[in-house]
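Scroll down for the structure; my scribbles are underneath it.
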Amino acid sequence: MSTAHTASMDALPPRPAQPEKASASAWLGVAAGAIGSLMATLDISIVNASLPTIQGEIGASSTEGTWLATSYLVAEIIIIPLTGWMERVFGLRRFLIIAALLFTFFSIVCGISTSLTLMIIGRVGQGFTGGAMIPTAMTIIATRLPKSQQPIGTAIFGLTVIMGPVMGPLAGGWLTENFSWHYAFFINVPICAILITLLMLGLPKSKMKLDELVNADWLGVTGMVLGLGGMTVVLEEGHREEWFESAYILKLSAMTLLGFVLIGLGQIYAKRPVIKLALLRRREFAAVFALALVLGSVMFGTAYVIPQFLAGVADYNALQAGKIVFLSGIPAMMMMPLFPLLISRVDLRVIVGTGMILLAFSCYLDVTLTAQARGDDFVLTQLLRGLGTVFCMMFLNQAAISSVPIEDAGDASGLFNAGRNLGGSIGLAILATLQDGRTEFHRWTIHSALSANDATMQDWVNQQAATFGGGPDGIAAAMRTLDGMITRDALVMAFNDDFMALTIACLAVVPLVLFLRPLPKGYHAKAAH
C-alpha cells in the first residue's frame with residue numbers, strides 16, 4: 001500500500017513528455033487542488049471564533065468544544081497516509097470527486113446539527129474527506145505541471161496550507177456575526193460545486209484498480225484508527241476522568257496500545273505499509289518530523305487559544321476574534337512570492353531555526369496577558385507568529401523530501417503533513433487540559449491568599465454589598481462578584497500558562513535544526529508525488 005499522499009504516476013494514464021509550459025486544463029487542475037486544500041485546511045479552524053456561540057446552541061461545555069477541532073484533525077491524520085493507495089484504487093479524478101461530494105454532505109450534517117454527538121460525526125466525516133484533498137494537491141502539481149513551473153504550484157499550495165487555519169476563524173466569525181454559525185458549514189456547498197467542475201475539466205480520467213484492495217495494509221489502517229483515535233480521546237478526557245483512576249481511560253489506553261502494535265505489525269508484514277515509519281530511522285527526517293509536531297501545535301493551538309481568550313476575557317465577538325487570528329496570515333502572503341528565491345540561496349537550517357525562534361518569541365510575549373488585554377495586544381505577536389510559520393512550513397516540507405531517497409519523497413512529505421496535523425491534535429488536547437487544570441489551580445490559589453479578616457477586603461465587600469442593596473443578599477451578591485473576578489484572573493493566568501508551554505516546546509526543538517540536511521546549491525522546490 002502506498003503511503004501518505006504518494007499518488008504514484010500509475011494513478012494517472014500515461015502522458016506524453018511535458019511541455020515547458022502547462023496547458024490551461026493543467027492549471028485548472030492545479031486550481032482545483034488549491035481550492036480543495038484551502039477548503040480542507042480552512043475548515044480545521046473555521047469553528048474556533050464562533051465556538052462559544054456553537055457550544056451554547058448544541059449544549060457543549062468549553063472543554064467539549066475542543067472536540068469540534070480535534071475530531072476533524074484526527075480524521076485528517078488517519079486519511080492523509082491512505083490517499084496514495086486510494087488514488088490508485090479509484091483513480092485520482094474519481095477519488096477527488098467522491099471526496100468533494102462527501103465533504104459537502106458532511107458539511108451539511110454539521111450545519112444542521114443540534115447536538116454535540118451529531119456535530120462530531122459531521123466533523124469526523126469532514127476530516128476524512130477534506131484530508132484527502134491536502135496531499136492530492138501536491139500530486140496534481142507533480143503530475144500536471146512541468147518541473148520548471150512546479151515551484152509556482154508548490155508556492156500556491158504552501159500559501160493555501162498556511163492561510164487556511166488563519167482564514168478559518170475570520171470566515172467563521174464573519175458568517176456567524178452577519179448570518180449564523182450554520183453558514184460556516186453551508187458555505188462549503190457552492191465551493192464544492194466549483195471544485196467538482198474544475199476537477200472534471202482539469203484532470204484526466206483513469207481506470208480503477210480494485211485489486212489494490214486485496215494487498216492493502218489493513219493492519220496499519222486499523223491500527224491508525226484505533227491508535228490515533230484512542231490517543232486523542234485519552235488526552236482530551238484524561239484530566240476530567242482523573243486519568244488512570246478511570247476504567248474508561250484504561251480501556252481507551254489499551255485500545256491505543258493495540259492500535260500502535262497493529263501499526264508496527266503492518267511495518268513488518270505488509271508489502272507496502274500504510275505509513276513508512278522506517279523513514280524515522282533517518283536522523284535528518286526524524287528531526288523534520290519532531291519539528292513538524294511542534295509547528296502543528298503552535299499553528300492550530302494558537303488559532304484555538306486566541307479566539308477563546310478574546311471571547312472569554314475581552315468579550316470579543318466571533319468576527320473581531322477572527323480578524324486578530326487572520327493577522328498571522330499577512331506575513332505568509334508577503335513572503336510566499338520570495339519562497340523560490342530563498343530556498344535556492346539561503347541555508348535551510350538558518351531559515352527553519354529562525355522560524356522556530358520567532359514562534360517561541362511570539363508565544364513568550366503572550367505570557368504576560370492580563371484581564372485588561374485586548375486584540376491590540378496580539379497584533380505584534382501574531383505577525384511574528386505568521387513569519388515564523390511561513391519560514392518553518394515551506395522549508396520543512398522541502399527538508400522532508402530532500403532528506404530521503406527520491407523514491408521515498410512522497411512518503412516523507414506525507415509523514416510531514418500527518419505529523420503537522422498530529423501535532424495540532426495533540427497540542428489542542430494538551431492545551432485544553434492544561435487550561436482546565438491551571439484555571440482551577442490559580443482560582444483556589446488566589447482564594448486561599450485572601451483573608452476574611454483583612455480590613456481592606458472587608459471594606460471592599462461592604463461597599464459592594466451596599467451597591468446591591470445591603471443585608472445578607474447584598475453580601476452574597478458581593479461575594480459572587482468577587483468570585484467572578486477571581487475566576488477571570490485565574491482564566492487569564494491559565495492562558496498565560498498555555499503560551500508558556502508553547503514557548504518551551506518551540507525552544508526545545510530548535511537544536512534539531514542542526515540535524516537537517518542542507519539543500520543542494522541552486523535547489524528548486526519539489527512537489528512530491
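Read-outs throughout are calculated quantities, based only on the coordinates presented, and are distinct from any laboratory measurement. The structure presented is a predicted model; accordingly, all values stated were derived computationally and were not measured. FYI the Cβ positions are ideal-geometry reconstructions off the backbone, even for glycines, and counts take in every protein chain you see.
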Chain lengthening between ALA455 and SER246 when straightened (0.36 nm per residue, less Cα-Cα)
70.8 nm
Let me understand the range 148-203 better: what is its radius of gyration from the alpha carbons, and its Dmax, in angstrom?
14.5, 45
Whole-number value, in Å³ per residue, for the convex hull of the alpha carbons of the chain is 152 Å³
Charge tally for neighbours of LEU228 with beta carbon under 13 Å away, counting Lys, Arg as +1 and Asp, Glu as -1, is -2
Enter the angle in degrees (range 0 to 90, nearest 10) between the Cα long axis of helix 247-269 and the first principal axis of the Cα atoms of the chain, meaning the one along which they spread out most.
20 degrees
What is the count of Lys pairs in the chain whose alpha carbons sit under 25 Å apart, if the two are 8 or more places apart or on different chains?
12
Based solely on its DSSP helices, what 222 nm [θ] is calculated for the chain when runs of n ≥ 4 H residues each add -39,500 (n - 2.57) and the sum is averaged over all residues, nearest 500 deg cm²/dmol?
-24000 deg cm²/dmol
For LYS276, LYS323, LYS271, order by how many other beta-carbon atoms lie within 10 Å, fewest first:
LYS271, LYS323, LYS276
Using a 7 Å offset from the Cα along the Cα-to-Cβ direction at both PHE260 and LYS21, what is the distance between the two label points in nm, to one decimal?
5.4 nm
Taking Cα centroids, how far is the range 211-248 from the range 450-480 in Å?
51 Å
Could you order the peptides 92-102, 331-341, 502-512 from most to least packed, using the average number of other C-beta atoms within 10 Å per residue?
92-102, 502-512, 331-341
For ASP347, the residues 5 or more places away or on another chain with a placed amide H closer than 5 Å to its own amide H are none
Tabulate in residue order the Karplus-calculated ³J(HN,Hα) for the range 301-317, using 6.51 cos²θ - 1.76 cosθ + 1.60 with θ = phi - 60°, rounded to whole Hz; enter x for Gly and Pro.
x, 5, 5, 8, 5, 4, x, 5, 5, 5, 6, x, 10, 8, 6, 7, 7
Among LEU262, LEU342, VAL313, whose Cα sits farthest toward the positive end of the charge dipole of the chain (+1 at Cβ of Lys/Arg, -1 at Cβ of Asp/Glu, about the Cα centre)?
LEU342
Among 424-437, 298-311, what's the highest-first ranking by average C-beta atoms within 10 angstrom per residue?
298-311, 424-437
Quick one: net charge around THR370, please, counting Lys, Arg +1 and Asp, Glu -1 for every other residue with C-beta under 12 Å from its C-beta.
-1
